[in-house]
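Got a structure here, written out as structure tokens. Questions coming.
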Amino acid sequence: MSLIEQIDKDRLPQHVAIIMDGNGRWAKEKGKLRVFGHQNGVVSVRDTVEGAVELGVKYLTLYAFSTENWNRPKLEVMALMELLVATINKETKTLMQNGVRLNAIGNLKSLPDKCYRQLQETIKKTSDNKACTLTLALSYSSRWEITDAARKLAEDVKDGKIKADDISEEAFASYLSTSGMPDPELMIRTSGEHRISNYLLWQLAYSELYFTPKLWPDFRREDLFEAIIDFQKRERRFGMTSEQLN
Ligand code: IPE
Ligand code: IPE
Ligand code: MG
């Protein structure tokens, strides 16, 4: 039985989040510069997005650049930003063909102008697509997002738009940049690191975590399928007992 046939289509995760890690090490293994790893990571992004569409996963969120990544060598940061603009531009056609809606979360205002404009252009162009929402986390960190949400919420309390007593989990979540999306049921990290690195801390509260030693440029849709097969074998208890669930 092929990998995709082993997946129960009725129990698909609606939202898969990925930390795409290991580009630098992949390049180093080949005696190349780190940027070479990032360039090859684009191939993995394309294949993974197509795999998600093929399966019917509705939301795919990719960690592309963290707030902390601004501290990398200037040349690497610049190369990543250039790559981002070029990739989004080049892939817009494929996104349209596959019915993928592009979305972005993070402190987008901190991106170079050119990146910001290209991003907004493709977001607008793909806004009516329905098959899958591809969210890029860019200049994103979860603590930044939560702090930003708290700030906006405080403003609204001050302006009388919401009462402090009415702040529920749902109300708070509506101030996050993922508002309107279901929480990821599955979070995948490549490259063998076992940490969250400031990614979707609120949203991952009950996600199943899947770690693979594969470096991101080697990741393909089959790896996504394997992660989902693993996910479907797990019992998600949400604090209850196994007996209660059965
Ligand atoms: C992930 O790969 C891509 C980004 C963080 C932008 P890395 O660049 O972190 O690669 P490693 O972890 O150093 O191998
Ligand atoms: C996390 O990877 C951020 C992205 C994949 C964009 P890092 O490589 O930056 O994370 P750490 O530094 O190893 O925790
Ligand atoms: Mg890394």
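Applying the selection to segment 63-118, what residues are within 16 Å of ligand 3 (Cβ to nearest atom), buried (at least 17 other Cβ atoms within 10 Å of the Cβ) and not in a helix (DSSP H, G or I)?
63, 64, 65, 66
Right, another one. For segment 24-53, enumerate the residues that are out of contact with any Lys or Arg (no Cβ under 7 Å at 6 or more places or on another chain), more than 11 Å from ligand 1 (Cβ to nearest atom) and farther than 18 Å from residue 82 by Cα.
Across segment 24-53, the qualifying residues are 30, 31, 32, 49, 52, 53.
Taking segment 40-75 as the region of interest, how many residues are among the hydroxyl-bearing types (Ser, Thr, Tyr) and either at pLDDT below 95 or more than 16 Å from ligand 2 (Cβ to nearest atom) (or both)? Give the steps one after another, and end with the answer.
First, the residues of segment 40-75 that are among the hydroxyl-bearing types (Ser, Thr, Tyr): 44, 48, 59, 61, 63, 66-67.
Then drop every residue that is not either at pLDDT below 95 or more than 16 Å from ligand 2 (Cβ to nearest atom) (or both), which leaves 59.
Adding up the residues that qualify gives 1.
Do we have residue 223 as within 16 Å of ligand 1 (Cβ to nearest atom) and part of a helix (DSSP H, G or I) here?
yes
Something else now. Could you tell me how many of the residues in segment 5-24 are in a helix (DSSP H, G or I) and either within 16 Å of ligand 2 (Cβ to nearest atom) or in contact with a strand residue (DSSP E or B) (Cβ under 7 Å, 6 or more places away or on another chain) (or both)?
We begin by selecting, within segment 5-24, every residue in a helix (DSSP H, G or I); these are 5-6, 9-11, 23-24.
Retained after the next criterion (residues that are either within 16 Å of ligand 2 (Cβ to nearest atom) or in contact with a strand residue (DSSP E or B) (Cβ under 7 Å, 6 or more places away or on another chain) (or both)): 23-24.
Adding up the residues that qualify gives 2.
Further question: Of the residues 147, 178, which single one is part of a helix (DSSP H, G or I), away from ligand 2 (no atom under 16 Å from the Cβ) and either within 28 Å of residue 53 (Cα to Cα) or free of Cβ contacts under 8 Å to residues at least 12 places away in the same chain (or both)? So that I can check it myself, show each step before the final result.
Details: 178 fails: part of a helix (DSSP H, G or I).
Result: 147 is the single residue among 147, 178 that is part of a helix (DSSP H, G or I), away from ligand 2 (no atom under 16 Å from the Cβ) and either within 28 Å of residue 53 (Cα to Cα) or free of Cβ contacts under 8 Å to residues at least 12 places away in the same chain (or both).
Which of the residues spanning segment 198-218 are out of contact with any Lys or Arg (no Cβ under 9 Å at 6 or more places or on another chain), surrounded by 15 or more Cβ atoms within 10 Å (Cβ to Cβ) and under 29 Å from residue 176 (Cα atoms)?
200, 202, 203, 204, 207, 216
Do we find a residue being hydroxyl-bearing (Ser, Thr, Tyr), touching a residue at least 12 places away in the same chain (Cβ under 8 Å), in contact with a Phe, Trp or Tyr (Cβ under 8 Å, 6 or more places away or on another chain) and closer than 20 Å to residue 225 by Cβ anywhere in segment 47-55?
Taking segment 47-55 as the starting set, the residues that turn out to be hydroxyl-bearing (Ser, Thr, Tyr) are 48.
Now restrict to residues that are touching a residue at least 12 places away in the same chain (Cβ under 8 Å): 48.
Now restrict to residues that are in contact with a Phe, Trp or Tyr (Cβ under 8 Å, 6 or more places away or on another chain): 48.
Cutting the leftovers down to closer than 20 Å to residue 225 by Cβ gives us 48.
Yes, that holds for at least one residue.
The values are calculated or read from the model by the stated rules, or taken from the named source; none is laboratory data. The shown structure was predicted, so the numbers you read here are calculated from the model rather than taken from an experiment. So basically every Cβ, Gly included, is an ideal-geometry build from the backbone, and we count neighbours across all protein chains shown.
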